[in-house]
Amino acid sequence: MSTVAVLVEHRGETVAQPTLEALTLARTLGTPVAIWLGDAPAADAVSLLGEYGAEEVRVVSLGEAGRVPSVAAAGVTAAVGDAPVLIVVSTFVNKEIATLFALETGAGMVVDAAGAEWVGGRIETMQTVFAATWNVRTRINAERAVVGVRPNTTMAVAAEAHGAASVVPVAVETPEVRETIMSVEPQAVPDGAPLSEAAVVVSGGRGTGGDYTLVRELADLLGGAVGASRDATDEGWIGHEHMVGQTGTTVTPALYVACGISGAVHHRGGMQASGTIVAVNIDPEAPIFEIADFGVVGDLGDVLPQAMARIREHKGA
Amino acid sequence: MRIVVTVKFVPDLQSTRSFTEGTVTRTADDGTMNELDENAVEAALQIKESLPEGECEVFALTMGGADATAAVRKALQLGVDHAVHVNDDAVAGSDVFGTATVLAAAVAKIGEETPVDLVITGMAALDGLTSMLPTALAHKLGFAQLTLASALTVADDAATIERHLPDAHDTVSAKLPALVSVTDEANKPRYPNFKLIMAARSKPIATYSLADLGIDPASVGALAARTTVVDASPRPPRENRVTVTDKGEGGVALADFLIERGLV
Ligand SMILES: Cc1cc2nc3c(=O)[nH]c(=O)nc-3n(C[C@H](O)[C@H](O)[C@H](O)COP(=O)(O)OP(=O)(O)OC[C@H]3O[C@@H](n4cnc5c(N)ncnc54)[C@H](O)[C@@H]3O)c2cc1C
Ligand SMILES: Nc1ncnc2c1ncn2[C@@H]1O[C@H](COP(=O)(O)O)[C@@H](O)[C@H]1O
C-alpha cells in the first residue's frame, strides 16, 4: 500500500474537520500518515488522527518562521519523505506550500479537488470549475501527486481499525529565506466552524441594509456560519473574513441561504457547488434565483422572522 | 526601477465558459484580461506615479495564444509603458510549472539591460482560480515571495506587504527584487481614459517566441504538463427548482422546504 501524507489543519490543538475528511479520502488511496506543523500535538489530537487512520503523526516544529511559505514547504517536504501522494486542504496558504513542494519534488498538482482515486497507477482527481458549471477529471502524470481538497467534499468517517498514530519528530534545517516577518497580529477565532468548513452558511448582502441581526439569528438557529457578499464587506458592515466568493472564501456547505444577495458571478463562483441553495430577494429578476433550489421573492425582513418562527415550532414539536 | 506586471488572458466571467479538448476555450470575442490583474496593474502604476518622472518603467507581460494580445493591450489602455506577449504554439496546454518557466525567462529578458526590481501578479486567475503561479514564478526567478498582499509599499529598496490570513494579519518585508501578488483589497483599479485608449492602439507589443527565450519547446506545453484533463462535462442544471412569491406565507414555505429536505 502507498503511503499517503496528509497535512493537518489545526487551530492550536483543535484538528479541523477538513483534515478528518482528507484522512478519510487518504484511506481509500493507501496508508495515511499525518503531518503536523507546529508544536507537538497533545494526546487528544494524536488519538483523533489515529481514529481516522493515521499510522504516524510526523511533527515538524518551525516556530513563527513557519509562516514563510518556503520554510513551511521545507518542513512539509522533509516530513512527506518518499510518500507518493500528499493531500492538503485547499486553502490559499496550503496552495503556496504545496506549489513549492511540487517544485522541489517534481510532483504534479491539482487544487480544489472534490475527490481522488488511483486509475492505472496514476492519481486522478474530480473537480468542479467555472462557478460549478463544469465537472472536470484530471490525471496527474507525474510519479508523485499533490492534491488540494475542498472542505465538505468527502464525508469524514472514522477508520474501522485505528491507526497507530505514532508520533515521529521530523528534523528540518530551516532554509535561508529572503522574507522577514515584521509583525503577526493574531485574529480572534469566531465560535463554531469557520466559514469554509461549515455545513450550513447563511449569507447576507446589500439587501440587509447593514443589519445582520436576522442573518445571524438564522445562522445560529441552523447551526451555521455567517457569510456575506463583497458589497457588504466593502461597506464595512461585516468583516472581510465573512466574504463568500471567488476572491473571498469558497464554500460548499450542505445548505447555503442567500439573503438580499443578487447573485453576481463573482459571488456564485464561491458558493454554486453547495448542496442545497435557498435565496430570499425582493427582486424576482435577481440572478441568484437561477441557481436556487428554493427561492422566495420577498423582503428578508418579513420572510426570515416567519421562517425562524416555523423552524422553532418544528424543533419544539 | 523596472516593474513587470503579469496579466492573463481568460474567458470573460460573464460569458458561457467551456472546455475544448481538455483546455479552457479562449477566443478574443469573449476573452479579456483577468479582472484581478487590474489590481496588479494598478499597484504598479501607483508605485510609478509616486516616483519622480522617468524613474520607473512598467511592463505588462502575458503568455498565451494570438488572442492573448488583448490582455496586454488592456494593460496599455490602463497606462503601462510597454507590453510583451510570449506567443508560441508550443506553450499551449502548459501547466503552472511550464507557465512559470516561460514567464521567468521573459522577465529575465525584459531585465537584460535594466534589471527587474519587482514583479506584480494578480492573486488568482478567475478561470482556474488556482493561485499557484505567483509562488512558482517567484521560485523560478529566485525572487522574494510576497504573496496575497492586501497592501503594498515600496521604499528603501524593499517591499513590505500586509497579508491577511485566517488566523492572523502578517506584515512581511523583503529586499528587492521581489514578486508581489495583490488581492482585490489592495487598491481600486482605475478605468482607462480616452487618451490612453487611443494611444494604446498604436503602441507596439513586443512578441517573444520560445526560441527568443532559449526555452526547449519540449520542456513546456501540453506534453510536459504534469496534469492532463481527461474528461470535462457541463454539470446538469439543478432540477425541480421552485420560486415562490411572498404574499404573507413565504417564510413558512421556506421553513417547510428546509424541514422537508431534512436540513433543519
Ligand atoms: C474582481 C472582483 C472580484 C469580486 N469578488 C467577489 C466575491 O468574491 N464575492 C462577492 O460576493 N462579490 C465579489 N465581487 C462583487 C460582485 O461583482 C458584486 O458586486 C457583489 O457580489 C454584489 O453584492 P450584493 O449581492 O450584496 O449586492 P447587490 O448586487 O446590490 O444585490 C443586493 C440584492 O439585495 C436585494 N434586496 C434589497 N433589499 C432587500 C430586502 N429588503 N429583502 C430581500 N432582498 C433585498 C436586491 O434585490 C438585490 O438583488 C467581485 C467583484 C470584482 C470586480
Ligand atoms: N499565462 C499567463 N500569462 C501572464 N500571467 C499569468 C499567466 N498565468 C497566470 N498569470 C498570473 O498569475 C496570477 C495567478 O494566476 P493563477 O495561478 O493561474 O491563478 C494571475 O493573476 C496572473 O497575474
If I filter segment A:207-214 for residues that are modelled with pLDDT of 95 or more, touching a Pro at 6+ places or on another chain (Cβ under 8 Å) and closer than 16 Å to A:Val278 by Cα, do I get at least one hit? yes
Aromatic (Phe, Trp, Tyr), within 12 Å of chain B (Cβ to nearest Cβ) and under 24 Å from A:Met182 (Cβ atoms), is that true of A:Phe92? yes
Can you pull out the residues in segment B:52-65 that are in contact with a strand residue (DSSP E or B) (Cβ under 9 Å, 6 or more places away or on another chain) and either within 12 Å of ligand 2 (Cβ to nearest atom) or of a type outside the set (D, E, K, R) (or both)? B:Cys56, B:Val58, B:Phe59, B:Ala60, B:Leu61, B:Thr62, B:Met63, B:Gly64, B:Gly65
Determine which member of the set A:Leu214, A:Leu222 is more than 23 Å from B:Leu165 (Cβ to Cβ), within 24 Å of the chain's Cα centre (by Cα) and either surrounded by fewer than 24 Cβ atoms within 10 Å (Cβ to Cβ) or outside the structural domain of A:Arg150 (by TED's automatic domain parsing) (or both). A:Leu222
For segment B:162-192, enumerate the residues that are under 27 Å from A:His240 (Cα atoms), over 18 Å from the mean Cα position of the chain (by Cα) and in a loop (DSSP other than H, G, I, E, B). B:Leu165, B:Pro166, B:Asp167
The one condition in (1) in contact with a helix residue (DSSP H, G or I) (Cβ under 6 Å, 6 or more places away or on another chain); (2) away from ligand 2 (no atom under 16 Å from the Cβ) that A:Gly245 fails to fulfil: (2)
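Being over 15 Å from A:Ile288 (Cβ atoms) and buried (at least 23 other Cβ atoms within 10 Å of the Cβ) is the filter here, so list the residues in segment A:253-272 that pass it.
Passing the criteria: only A:Pro253.
Scan A:Ala102, A:Ala116, A:Ala73, A:Ala132 and give me the residue that is among the aliphatic types (A, V, I, L, M) and either over 22 Å from the mean Cα position of the chain (by Cα) or away from chain B (no Cβ under 11 Å) (or both).
Selected residue: A:Ala116, the only one of A:Ala102, A:Ala116, A:Ala73, A:Ala132 that is among the aliphatic types (A, V, I, L, M) and either over 22 Å from the mean Cα position of the chain (by Cα) or away from chain B (no Cβ under 11 Å) (or both).
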Residues to consider are A:Gly301, A:Gly236, A:Gly227; find the one that is more than 18 Å from A:Thr128 (Cβ to Cβ), in contact with a Leu (Cβ under 8 Å, 6 or more places away or on another chain), without any contact (Cβ under 8 Å) to a residue 60 or more places away in the chain and more than 10 Å from every other protein chain (Cβ to nearest Cβ). A:Gly227
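Results for (1) buried (at least 20 other Cβ atoms within 10 Å of the Cβ); (2) in contact with a strand residue (DSSP E or B) (Cβ under 8 Å, 6 or more places away or on another chain), shown as yes or no for each residue.
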| position | (1), (2) |
| --- | --- |
| B:Ala168 | no, yes |
| B:Val172 | yes, yes |
| B:Pro177 | yes, yes |
| B:Thr183 | yes, yes |
| B:Ile205 | no, yes |
| B:Ile215 | yes, no |
| B:Thr227 | yes, yes |
| B:Val244 | no, yes |
Looking at (1) out of contact with any Lys or Arg (no Cβ under 6 Å at 6 or more places or on another chain); (2) crowded, with 20+ Cβ neighbours inside 10 Å; (3) in a helix (DSSP H, G or I), find the lone condition where A:Ala79 falls short. (1)
Output the number of the condition that B:Lys195 fails; it satisfies all remaining conditions of (1) of a type in the set (Lys, Arg); (2) crowded, with 19+ Cβ neighbours inside 10 Å; (3) more than 22 Å from the chain's Cα centre (by Cα). (2)
Out of B:Thr121, B:Thr99, I need the residue that is within 13 Å of ligand 2 (Cβ to nearest atom), crowded, with 19+ Cβ neighbours inside 10 Å, β-branched (Val, Ile, Thr) and within 24 Å of B:Ile161 (Cα to Cα). Which one? B:Thr121
Here is a list of conditions, (1) within 14 Å of chain B (Cβ to nearest Cβ); (2) surrounded by 15 or more Cβ atoms within 10 Å (Cβ to Cβ), and A:Glu143 meets all of them except one; can you say which number that is? (2)
Subset of segment A:287-309 [surrounded by fewer than 22 Cβ atoms within 10 Å (Cβ to Cβ) and either in the same structural domain as A:Arg150 (by TED's automatic domain parsing) or of a type in the set (A, V, I, L, M) (or both)]: A:Val297, A:Met308, A:Ala309
Heads up, the strands (runs of 3 or more DSSP E) in segment A:1-74 (entirely inside) with at least 1 residues that are in contact (Cβ under 8 Å) with a residue 24 or more places away in the chain and touching a Phe, Trp or Tyr at 6+ places or on another chain (Cβ under 7 Å) are A:56-60
Residues in segment B:96-129 that are within 14 Å of chain A (Cβ to nearest Cβ), within 16 Å of ligand 1 (Cβ to nearest atom) and either under 19 Å from B:Asp157 (Cβ atoms) or not hydrophobic (A, V, I, L, M, F, W, C) (or both) total 4
Selected residue (criterion: nearest to ligand 1 (Cβ to nearest atom)) from residues of segment A:203-260 that are under 15 Å from A:Val303 (Cβ atoms) and of a type in the set (Asp, Glu): A:Asp211
Answer residue from segment A:146-166, given it is buried (at least 22 other Cβ atoms within 10 Å of the Cβ) and in contact with a strand residue (DSSP E or B) (Cβ under 6 Å, 6 or more places away or on another chain) and is farthest from the other protein chains (Cβ to nearest Cβ) among those: A:Ala165
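Can you say whether B:Ala159 is more than 18 Å from A:Phe92 (Cβ to Cβ), without any contact (Cβ under 8 Å) to a residue 60 or more places away in the chain, more than 9 Å from chain A (Cβ to nearest Cβ) and not in a helix (DSSP H, G or I), as far as the supplied structure shows?
Values: more than 18 Å from A:Phe92 (Cβ to Cβ): yes; without any contact (Cβ under 8 Å) to a residue 60 or more places away in the chain: yes; more than 9 Å from chain A (Cβ to nearest Cβ): yes; not in a helix (DSSP H, G or I): yes.
In short, yes.
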Answer from A:Val129, A:Val60 - the residue that is under 14 Å from A:Ala5 (Cβ atoms) and either in contact with a Gly (Cβ under 8 Å, 6 or more places away or on another chain) or among the aromatic types (Phe, Trp, Tyr) (or both): A:Val60
So which residues in segment B:79-123 are touching a Phe, Trp or Tyr at 6+ places or on another chain (Cβ under 8 Å) and either assigned to a helix (DSSP H, G or I) or of a type in the set (Gly, Ala, Ser) (or both)? B:Ala83, B:Ala106, B:Lys109, B:Ile110
Out of the residues in segment A:270-297 that are acidic (Asp, Glu) and farther than 18 Å from A:Gly224 by Cβ, which is nearest to the other protein chains (Cβ to nearest Cβ)? A:Glu290
Can you confirm whether segment B:37-55 contains a residue that is more than 16 Å from ligand 1 (Cβ to nearest atom), outside any helix (DSSP H, G or I) and touching a Phe, Trp or Tyr at 6+ places or on another chain (Cβ under 6 Å)? no
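The values are calculated or read from the model by the stated rules, or taken from the named source; none is laboratory data. Predicted model only: the values in this text are computed from it and were never measured. Note that we place each Cβ from the backbone using ideal geometry, even for glycine, and neighbour counts take in every protein chain shown.
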